[in-house]
Every structure is written in C-alpha cells, then in structure tokens.
Amino acid sequence: MRRGSIILTALLLTGLAAGPAWAAEPIRIGAFFALSGPQAHIGTPTKLVAELAVKRINAEGGINGRPLELVMGDTESDPAKAASIAKKFIHQDKVAAIIGPTSTGEGMQVKKIVEEAGIPIVMTVGGDPPIMAETGPFTYIFKSPQRSSTAVARLFSYLKDQKLTRLGLMYATDPFGKDGVVWLKKLAPEYGLTFVAEESFGPKDIDMTAQLTKIKNARPEAIVVWTVGPAGPIIAKNKAQLGITLPLFQCHGQPDPKYIELAGPASEGDRMPATKLMVADELPDTDPQKKVIQEFIRLYKEAGLDRQFPINTHSGYAWDAVYLITNAMKKAGTDPKKLREAIEQTRGYVGVSGIYNLSPEDHNGLGVDSMVMVEVKGGRFTLAK
C-alpha cells in the first residue's frame, strides 16, 4: 500500500472513531461560567458538565441530525464581564441559545441583554431575581437550579417538624444572600418561625465570631446561614471555636464535599437543603429520579471529573440546562421564539436536579419535593432524620 493510501486510511479510521460525520452545520450554544475568580470552584465543574452533556447528545446523533457546539466564555466571576460575553454570544457568535452564568449577580447583569435580544437562556444561578417580574420581564429567561424560595420552603418545613421556631439569621451581603433574606423573612410567618437576631457579613469575610456572639446572646434555638462559598464553612468553624452548641443550618448552595473539607470536624451535624444528587443511593427505588441520577454519576465518574471535582449539589445544573434547551430544540428547532415557547412548555422532564414542569409564570419548574434535607454525618452527607 502506498504511503498516501495509508495516511488516507488512517484519517478515515480516525474520523470513524471520533464519532458521526456531520453533513449539517452545528448548532451553537453559548456557555459562560466563572472559570476564574471567587466563583471558579462552582463555574469550572459546571463547564465540564455542560461539555459532558453535549458530548453525549452528539454521540447519540445530535439534534435532528445537527451536532451541538458550545461557544465557551469565562465570566471571571465578574457581572460586567458576563454582560460583555452575553453580547458577544448574541451579536458575534450568533448562538441559538445560552446556558449560564454562575452567580445571581452575573445573571442580573445579563437579564436585560438577552431579554431585549430575544435569545433563550437557561441560567445556572441560585437566586430568584432573574426570573422574577419585579426585576423586569423574563420571557426568554429560565433557570435550572431550584429557586431560593423553594429551598427556603424545604428548610422551613424541616425546622417546623423539628419544633425549632426561634432562629438566628446570618447572611452574605451579595445578591444571593440578599435574595435569600427576602424569602426567609417572607415565608417565616407561614411556618410559625421567628428570627430573634439577624447579622450580615461580606462574602469574602474570614471571621464571623462577632456576629455569632450577638446571635448567641439572642438565645435562638438554631442558626440559619445563607451564603455560598467559603464563608459557610468559616461560620461553622467559628461556631465551634466559640463553644456554641446550637444546631446550624446552611442554604442549598453548600452541600458539597468542599464544605466538609473546609469546616472539618466542625461540620458534623450541620444540615441543609440539597438536590437528591447528594444522596442518590439512599433514595427509594420508586423515585423517578434515582436511575437518572445514578446514570449521571456513572458518566461523571467515567469521565474522571470526580477526581478533581467531587459530586456536589451544583453538579447537575448545567446538565439539566443543556437538556432543557436541546429537548425543546428537537421539537421546535432553533428559531428563538419557537424555542423559547417549547422550553416554557416543558412538562415532566426528569432531570438530575428534579422533575421540571415549567409554565409562563414559573421559568424554573421545580417544586419543594425536588429537594431533601441532608446532614453531615461521619464526614459525609446523608439524609437528615
């Protein structure tokens, strides 16, 4: 065989091994996350999960015979940067849809841009403001993580069952923390709960002993903390250092092995609302999510992602965002208006983070039953009793 024929044969075999040969143009989806800066510990694995989902979809034939192509961007944990990338996605890259960004603050900077452009976006942010009418129209804006209000309701239901009604509140002064406070205060009376003390802190603060001392002096029955990132574990450690034995409840952004790593033994007994992903093996076999979650975990580990980024409550958000968009594309194509309508009509999608039932009024579609309460026990997360 001649050398040229050998090379041609090798190229053909390489192409076959790489996957299907696409005759159609790819569908471009913008994907931007905090790959650097303080939110990178969330944004980086979110990017990897988005890539994992797209790889699986393309291996199964893509969308109506067309492959997906992710156009990536790093927001650098900066809302202004997120806004700049969103404009690039829309006007330069001509994407059909967008997933991301990482933080609520970034999401709010992007909201008006995508809404005015009429490009569907499924955000992976924790807070509610991007899909609240109070902050402007959200016709083209959806989000895959549970609403803050849903997480608060799950937490409060548990506290009521535990007969813990006098609470001390600590929250971060960033958009996520402030959004949480709105719902914590609004929903507390419905569950017969009272905040007897309230203290705030900066998300980058490294010592909250002063706030904890004031909380302790108000004699609550439990402490509720609303923040993401290192501030949560710091509070757990400060609480232990002060000898405070009150039960500590964190928000739905903290269920992550990193929390246990940073807080150490001080995390033992801490409880928080989480996606079912954190306790997949403890779910009953009758739970429709169990097999979906277990398959996601298998793929995640098979790709080696768990070695650097152990599974946490955020891990499935990008997966669900990609599938909310692509499931709708299979029905409606890529026309922005028709795609938006199809996403909004999603019913019964069994995702990693919950079973999605969207509507014109609810662009998240997850109920309280999509969350469980977890507890740190023996250095790992288990279902809270």
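The values are calculated or read from the model by the stated rules, or taken from the named source; none is laboratory data. Just so it is clear, the model here is predicted, and its values are computed rather than measured. Note that each Cβ is placed from the backbone with ideal geometry, even for glycine, and that neighbours are counted across all protein chains shown.
Observations
- Screening segment 158-191 for residues that are under 30 Å from Q345 (Cβ atoms) and touching a Phe, Trp or Tyr at 6+ places or on another chain (Cβ under 7 Å) and picking the one that is modelled with the highest pLDDT gives L187.
- Boolean, Y317 is crowded, with 23+ Cβ neighbours inside 10 Å and in the same structural domain as V350 (by TED's automatic domain parsing): yes
- For D128, the conditions (1) touching a helix residue (DSSP H, G or I) at 6+ places or on another chain (Cβ under 6 Å); (2) over 26 Å from M170 (Cα atoms); (3) not aromatic (F, W, Y) are fulfilled apart from (2).
- Segment 362-382, residues that are buried (at least 16 other Cβ atoms within 10 Å of the Cβ) and in a loop (DSSP other than H, G, I, E, B): H363, N364, G365, L366, G367
- Tally of residues being part of a loop (DSSP other than H, G, I, E, B), of a type outside the set (V, I, T) and surrounded by fewer than 24 Cβ atoms within 10 Å (Cβ to Cβ) across segment 97-127: 1
- Among the residues of segment 234-258, those that are within 21 Å of T46 (Cα to Cα) and either in contact with a Lys or Arg (Cβ under 7 Å, 6 or more places away or on another chain) or not acidic (D, E) (or both) comprise C251, H252, G253, Q254, P255, P257, K258.
- Filtered by the rule that a residue be charged (D, E, K, R) and within 18 Å of the chain's Cα centre (by Cα), segment 106-120 gives E106, K111.
- Every residue from segment 212-232 that is more than 26 Å from the chain's Cα centre (by Cα) and assigned to a helix (DSSP H, G or I): L212, T213, K214, I215, K216, N217
- Identity of the residue in segment 139-176, in contact with a Pro (Cβ under 8 Å, 6 or more places away or on another chain), small (G, A, S) and farther than 16 Å from T124 by Cα, that ends up surrounded by the fewest Cβ atoms within 10 Å (Cβ to Cβ): A172
- I343 passes every criterion in (1) in contact (Cβ under 8 Å) with a residue 60 or more places away in the chain; (2) aliphatic (A, V, I, L, M); (3) farther than 30 Å from K94 by Cβ apart from (3).
- Subset of segment 233-250 [in a loop (DSSP other than H, G, I, E, B) and surrounded by 24 or more Cβ atoms within 10 Å (Cβ to Cβ)]: Q250
- E268 closer than 29 Å to A222 by Cα and either outside the structural domain of V228 (by TED's automatic domain parsing) or touching a Phe, Trp or Tyr at 6+ places or on another chain (Cβ under 8 Å) (or both): yes
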